[in-house]
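Attaching a single structure in structure tokens format; questions to follow.
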Amino acid sequence: MITLYDFELSGNCYKPRLLMSILGLTYETVPVDFYPGREHKSEAFLKLNPFGELPVLVDDGLVLRDSQAILIYLASKYDKTGQWYPLSDPAVLAEIAIWHDFANRITATASAARLGLSMFYDVDIEAAQAGAHQLFRLLDEHLWFGEREGRDWLCAPSHPTTADIACFPYVALSEEAGVPRQDYPAIRRWLDRVKRIPGFTVMSGVFPAGPAIEA
Amino acid sequence: MSELSAAWHPIASSEDLPYRHVFHGQLLGREFAVWRADDGNVNVWENRCLHRGVRLSIGINEGAELKCQYHGWRYANRTAGCTYIPAHPADAPARRITNRTYPVIEFAGLVWSAAGAADAFVEPLQEADWFALRPIPVTATPEMVRDKVVAAAEPGSEPVRLTEFGYSMKLAGGRGEDAAVFIQPVDAGRAVIRALLPETPAQPLATLRHYNALLNALREQIERTAREAPAPEPIEPEYEPVSLELATMPELRLGTRTSIRVRVARKYDAGEGVIGLDLAALEGHLPTFQPGAHIDVHLPNGLVRQYSITNGPGEQLHYGIGVKREPESRGGSSTIAEAVREGDLLAISEPRNNFPLRRDATRTTLIAGGIGITPLLAMAKNLFGSRLEFDFHVFARSQQHLPFADALERFGDHVSPHIGLDAAETGRTLEEIVGSYSFARHLYVCGPAPMLELVRALAARNGWPDEAVHFEYFKNTREIDQSSSFTVELARSALTLEVPAGRTILEVLRENGVEAPSSCEQGACGTCLTKVLEGTPDHQDVYLNETEKQANASMLTCVSRSLSDKLVLDI
């Protein structure tokens with residue numbers, strides 16, 4: 001059984017929940033009181049993850065941290081279609097690595113501003129918001145040209161990859177960070193597409209999309 | 001700003017509005033929810049649900065209705081009228097629950113709107129194969145963005161003013177085209193540069209990238225200057241009070257009022273003995289309706305008849321009705337058959353809904369007999385569009401008699417036609433269809449009286465509660481006993497009136513200057529439904545179900561009378 005050390009309001013914990021839901025995996029969660037209890041800095045949790053960060057995934061005795069690493073592991077091991085992390089395609093793997101890194105930058109800005117606003121973390125909220133807007137401009141441009149090139153997702157393949165899962169949560173939660181998405185229409189359309197992936201699941205603050213029009 | 005708010009500005013590219021998406025727009029401080037319905041119509045609405053103020057731009061575009069993400073209130077394409085409130089599943093929403101709409105025109109690949117009562121739209125460009133570049137939002141005042149854009153003209157060229165915020169110009173570093181560049185004034189400190197090229201370039205993608213880089217650089221330069229001054233306060237839009245028409249209570253005597261004029265846009269054969277009519281708005285759209293609603297149609301010979309609207313959700317440009325040609329017509333159907341032609345003008349009432357559709361059923365069963373299909377057709381279109389579980393049983397004398405057969409085809413497996421059954425076979429089939437009750441199922445039936453009686457009896461016998469069985473009679477065939485005389489006290493109006501034998505309560509109310517709504521005036525449609533505070537009504541209608549009749553808490557004043565000496569009504 002897969003075990004996820006989880007905090008309900010965490011976008012990083014939502015990433016593996018989302019992928020496992022799409023892949024139809026069953027798992028159990030261990031709630032960690034990230035806020036206000038700071039349990040992720042407790043002695044017990046630090047033994048599991050010395051970095052003191054969520055999420056942590058345990059599978060078959062293997063203990064993994066870092067949300068993107070967990071996505072790579074889950075997709076490589078459990079995705080029978082081989083689409084979510086296409087091991088045999090070096091170009092796509094490199095592309096995914098770029099967007100996994102981009103996801104971390106979103107965490108450092110949009111998520112940081114959200115932590116400052118909703119969980120009273122000591123962050124420079126304005127600087128974090130400005131950083132998020134810079135990233136969203138790049139993301140919107142990438143997605144806008146993607147639509148012109150017939151590419152619906154972050155990476156080249158005609159299907160989503162772990163890159164989309166990694167970038168989705170803190171973009172979708174950006175209103176909670178005081179980062180409106182009004183100026184990013186292509187991002188808003190991409191969010192709809194991610195929400196229409198079969199098996200998609202929501203978290204608090206992320207709302208579902210309706211079905212697409214039938215052809 | 002008042003002049004500016006009457007001016008048309010682009011607020012989106014056409015391609016920003018794929019089907020089933022809601023675009024988040026803004027103009028002069030006003031936020032918009034912008035969405036394209038499946039019929040292609042673009043809606044520009046105030047970005048606010050009338051219920052709890054949540055942004056509709058996070059709502060769900062269902063193709064014909066926009067559903068608020070918060071409590072599921074639904075608003076119709078074109079009218080923005082509320083069609084369904086999940087917390088009141090058995091009721092039709094009041095017509096006053098209508099969101100604010102803004103004018104909209106799609107022109108030259110852009111979606112144009114205005115932040116207030118708009119001037120007439122004057123095409124700012126010649127008709128051409130305009131090619132929209134990637135829009136560039138800029139954090140700076142619209143005036144500064146405009147001035148900097150004008151200053152970015154190719155040296156030696158002269159920008160030509162198209163609108164207050166639009167220029168025809170060659171951009172420095174561009175490819176020599178005469179671009180049309182519009183600055184959308186989003187807010188006091190925000191704008192969007194929306195540029196068009198006069199034709200699709202030979203290499204569209206390369207051209208888009210070229211101009212995107214050019215405009216990105218221009219944005220950097222503008223924003224660098226803008227950061228030197230403090231950001232202006234956002235505009236606080238003045239929201240006008242809602243229109244007088246919506247703010248005032250609707251007139252009560254809707255039933256006899258010819259409030260809307262329509263044109264017969266199409267008259268067609270909708271099955272053997274059935275005439276289909278499309279009654280179109282003279283301009284714009286018709287009022288919001290919900291499935292199950294009917295209208296009064298005022299015929300050229302002075303008669304008034306009720307017909308159910310057959311439209312699907314969001315179809316607001318016309319009302320479709322079906323009229324059965326009655327061999328023993330008293331002047332209604334024969335007038336429509338013989339005297340009403342395409343192009344004629346008719347007067348109709350606003351739609352009223354006394355047969356509302358719940359959308360919280362686990363399974364909905366619709367049973368139609370003959371022309372009774374009309375309200376159920378609207379319901380089926382609604383359920384089908386929202387992917388709700390339903391089965392639709394249609395009884396007809398022959399395949400040719402099946403009304404609206406074309407419209408039924410799209411429902412696929414949901415539809416079961418029952419053709420040419422005799423009385424015994426019909427009874428057996430209905431027994432199978434009704435079956436036993438299970439939780440959260442709802443049954444809707446409309447057709448000839450004997451069929452309704454049978455369905456209601458079968459449902460009662462099989463454990464269906466009255467509130468799960470919804471029916472609509474064509475007419476009340478009961479003989480009305482008008483022999484009683486009694487006193488009616490009107491609690492709100494502080495009037496006491498005597499109702500003599502041979503007169504109806506409704507007539508006595510009107511003779512005494514009390515306005516009351518009505519429509520069919522034979523105890524079938526439910527429009528005159530009135531709350532009873534005291535006394536025992538003598539129910540003679542076919543609108544209320546048995547539970548409602550026994551509760552004695554409401555009555556129809558057009559036919560029902562009193563068993564007690566006195567009735568106290570909430571009028």
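Per residue, how large is the accessible surface of chain B? Use a 1.4 angstrom probe and give square angstrom. Numbers along the way, then the final one.
Working: 24690 Å² over 571 residues.
That works out to 43 Å² per residue.
A further question follows. Just A:ILE197, A:ILE187, A:ILE125 to compare: in a GNM of chain A, with alpha carbon springs under 10 Å, which one fluctuates most?
Comparing A:ILE197, A:ILE187, A:ILE125 in a Gaussian network model of chain A, the most mobile one is A:ILE197.
B:LEU4 to B:GLU123: extension gain in nm, 0.36 nm per residue of separation minus the Cα-Cα distance?
Extending this stretch completely gives an extra 41.2 nm.
While we're here: Does the range B:354-410 come out rounded, prolate or oblate by the C-alpha gyration tensor, with a ≥ b ≥ c the root eigenvalues, rounded set by a/c under 1.5 and, if not, prolate when a/b is larger than b/c and oblate if not?
The shape class here is prolate.
HN-Hα J couplings of the range A:176-183 from phi, Karplus 6.51/-1.76/1.60, θ = phi - 60°, integer Hz, Gly and Pro as x?
Values, residue by residue: 5, 9, x, 10, x, 9, 4, 7 Hz.
Here is a further query. Based on the Kirkwood radius over alpha-carbon pairs, what value in µm²/s does the Stokes-Einstein equation return for the translational diffusion coefficient of chain A at 20 °C and 1.002 mPa s?
Approximately 121 µm²/s, per Stokes-Einstein.
Along the range A:131-143, what does the Karplus equation 6.51 cos²θ - 1.76 cosθ + 1.60 (θ = phi - 60°) give for ³J(HN,Hα), rounded to whole Hz, x for Gly and Pro?
Those phi angles translate into x, 5, 4, 4, 5, 5, 4, 5, 5, 4, 5, 4, 6 Hz.
Any of A:LYS15/B:LYS67; B:LYS475/B:LYS566; B:LYS475/B:LYS531; A:LYS41/A:LYS77; B:LYS324/B:LYS549; B:LYS531/B:LYS566 with alpha carbons more than 20 Å apart? Name them for me.
A:LYS15/B:LYS67; B:LYS475/B:LYS566; B:LYS475/B:LYS531; A:LYS41/A:LYS77; B:LYS324/B:LYS549
I've got another one for you. Could you please state, rounded to a whole Å, how far the C-alpha centre of the range B:69-132 is from the C-alpha centre of the range B:304-318?
Using only Cα atoms to place each centre, the spacing works out to 20 Å.
Write down, largest first, the equivalent ellipsoid semi-axes of the range B:55-184 in whole Å, where each equals the square root of 5 times an eigenvalue of the alpha-carbon gyration tensor.
Semi-axes, largest first: 41, 15, 13 Å.
Report the calculated FRET efficiency for B:GLU158 and A:ARG151 (r = Cβ-Cβ distance, R0 = 51 Å), to the nearest 0.05.
0.80
Set the Förster radius R0 to 25 Å, insert the Cβ-Cβ distance between B:ARG510 and B:ALA551 as r into 1/(1 + (r/R0)^6), and round the FRET efficiency to 0.05. Mind showing how you got there, number by number?
Working: r = 27 Å, r/R0 = 1.06.
With a Förster radius of 25 Å, E is 0.40.
Can you compute the charge dipole magnitude of the protein assembly as shown about its Cα centre, using +1 on each Lys and Arg Cβ and -1 on each Asp and Glu Cβ, nothing else charged? Give it in debye, rounded to the nearest 20.
360
Let me ask another. Using +1 at the Cβ of each Lys and Arg and -1 at the Cβ of each Asp and Glu in the range B:1-132, identify which of B:PHE32, B:ALA132, B:TRP112 lies farthest towards the dipole's positive end.
B:PHE32
OK, next. If I stretch the segment between B:SER398 and B:ALA449 completely, what's the gain in nm (0.36 nm per residue apart, minus their alpha carbon distance), one decimal?
Between B:SER398 and B:ALA449, full extension yields 16.4 nm more.
For the range B:486-569, just say rounded, prolate or oblate: build the C-alpha gyration tensor, square-root its eigenvalues into a ≥ b ≥ c, call rounded for a/c under 1.5, and beyond that prolate if a/b exceeds b/c, oblate if not.
Numbers: a/c = 1.56, a/b = 1.21, b/c = 1.29.
Judged from the Cα gyration tensor, the range B:486-569 comes out oblate (a/c at least 1.5, b/c at or above a/b).
Could you work out, residue by residue across B:212-219, how many beta carbons of other chains sit within 10 Å of that residue's beta carbon, and then give the average as an integer?
1
Can I ask one more? At a 1.4 Å probe, which residues in the range A:153-202 are at least 20 Å² less accessible with all protein chains present than in their chain isolated?
Going by heavy-atom accessible area, the residues of the range A:153-202 that drop by at least 20 Å² are A:GLU175, A:GLN182, A:ASP183, A:PRO185, A:ARG188, A:ARG189, A:ASP192, A:ARG196.
When the label point is put 7 Å from the Cα of B:LEU563 along its Cα-to-beta-carbon vector, which residues of the range B:475-504 have a backbone N closer than 17 Å?
B:481-487
Keeping every protein chain in place, order B:ASP422, A:ASP6 by accessible area at 1.4 Å, biggest value first, i.e. largest first.
Numbers: B:ASP422 80, A:ASP6 20 Å².
Highest to lowest solvent-accessible surface, that is B:ASP422, A:ASP6.
Once the Cβ-Cβ distance between A:ASP124 and A:ALA97 is put in as r, and R0 is 30 Å, what FRET efficiency do you end up with, to the nearest 0.05?
Values: r = 28 Å, r/R0 = 0.94.
It comes to 0.60.
Averaged across B:12-19, how many Cβ atoms of other chains sit within 10 Å of each residue's Cβ atom?
Taking the mean over all residues of the peptide, I get 3.
Positive end of the dipole of the range B:290-348, charges at C-beta (+1 Lys, Arg; -1 Asp, Glu), about the Cα centre: which of B:HIS294, B:ASN311, B:ALA347 has its Cα farthest in that direction?
B:HIS294
Next question, about the same structure. So for the range A:90-195, Kirkwood radius off the Cα pairs, Stokes-Einstein at 4 °C and 1.567 mPa s: how many µm² s⁻¹?
Values: Rh = 13.9 Å.
Value of D from the Cα-based Kirkwood radius: 93 µm²/s.
Next question, about the same structure. Across 10 Å bins from the origin, how do the percents of Cα pairs in the protein assembly as shown run, short distances first?
2, 11, 18, 20, 17, 14, 11, 5, 1, 0
With each label point set 7 Å from Cα along the Cα-Cβ vector, what nm distance links B:LEU345 and B:ASP39?
Each label point lies 7 Å from its Cα, and together they span 2.3 nm.
Given a 1.4 Å probe and every protein chain left where it sits, what share in percent of the accessible area of the protein assembly as shown is carbon and sulfur?
51
State the percent of C-alpha pairs, over all pairs in the range B:1-123, separated by a distance greater than 17 angstrom.
54
A further question follows. If you count, for each residue, the other Cβ atoms within 10 Å and average over each peptide, how do A:206-214, B:517-525 line up from highest to lowest?
Descending packing order for the listed peptides: B:517-525, A:206-214.
Suppose every Lys and Arg Cβ carries +1 and every Asp and Glu Cβ carries -1, with no other charges. What dipole size does the range A:41-84 come out with about its Cα centre, to the nearest 20 debye? Mind showing how you got there, number by number?
Values: 5 positive and 6 negative charges, 2 e Å.
Charge dipole, the range A:41-84, about its Cα centre: 0 debye, nearest 20.
Now, a different point. Quick check: pseudo-label points 7 Å beyond the Cα along Cα→Cβ at B:ALA337 and B:GLU236, how many nm apart are they?
6.6
Per-residue HN-Hα couplings for the range B:86-91, Karplus 6.51 cos²θ - 1.76 cosθ + 1.60 at θ = phi - 60°, whole Hz, x for Gly and Pro?
For the range B:86-91, the Karplus-derived couplings read x, 6, 10, x, 8, 10 Hz, x marking Gly and Pro.
Please give the helix B:423-434 orientation as an angle from the longest Cα principal axis of chain B, in degrees from 0 to 90, rounded to the nearest 10.
Approximately 50 degrees, to the nearest ten.
Hey, could you get me the Stokes-Einstein D for the range B:255-348, Kirkwood radius over alpha-carbon pairs, 10 °C and 1.306 mPa s, rounded to whole µm² s⁻¹?
Numbers: Rh = 13.4 Å.
Reported coefficient: 119 µm²/s.
Between rounded, prolate and oblate, where does chain B land on the alpha carbon gyration tensor, with a ≥ b ≥ c its root eigenvalues, rounded for a/c under 1.5, else prolate if a/b exceeds b/c?
prolate
Ballpark to the nearest 100 Å², how much total accessible area do A and B bury together, probe 1.4 Å?
Protein heavy atoms only, the A-B interface buries about 2600 Å².
To the nearest 20 debye, what is the magnitude of the charge dipole of chain B about its Cα centre, counting +1 on the Cβ of each Lys and Arg and -1 on the Cβ of each Asp and Glu?
It comes to approximately 640 debye.
Within the set of other residues whose C-beta is less than 14 Å from the C-beta of A:ALA44, count the net charge using Lys and Arg as +1 and Asp and Glu as -1.
Counting the neighbours of A:ALA44, the net charge comes to 0.
How far apart, in nm, are two points set 7 Å out from the Cα along the Cα-to-Cβ line at B:THR429 and at B:SER485?
Each label point lies 7 Å from its Cα, and together they span 5.1 nm.
The values are calculated or read from the model by the stated rules, or taken from the named source; none is laboratory data. Keep in mind it's a predicted model, so treat the numbers as computed, not measured. Every residue, glycine as well, gets a Cβ built from its backbone with ideal geometry; the counts of neighbours run over all protein chains shown. The area values use the complete protein model at the heavy-atom level, side chains included, leaving out ligands, DNA and RNA. Shrake-Rupley method; radii C 1.70, N 1.55, O 1.52, S 1.80 Å.
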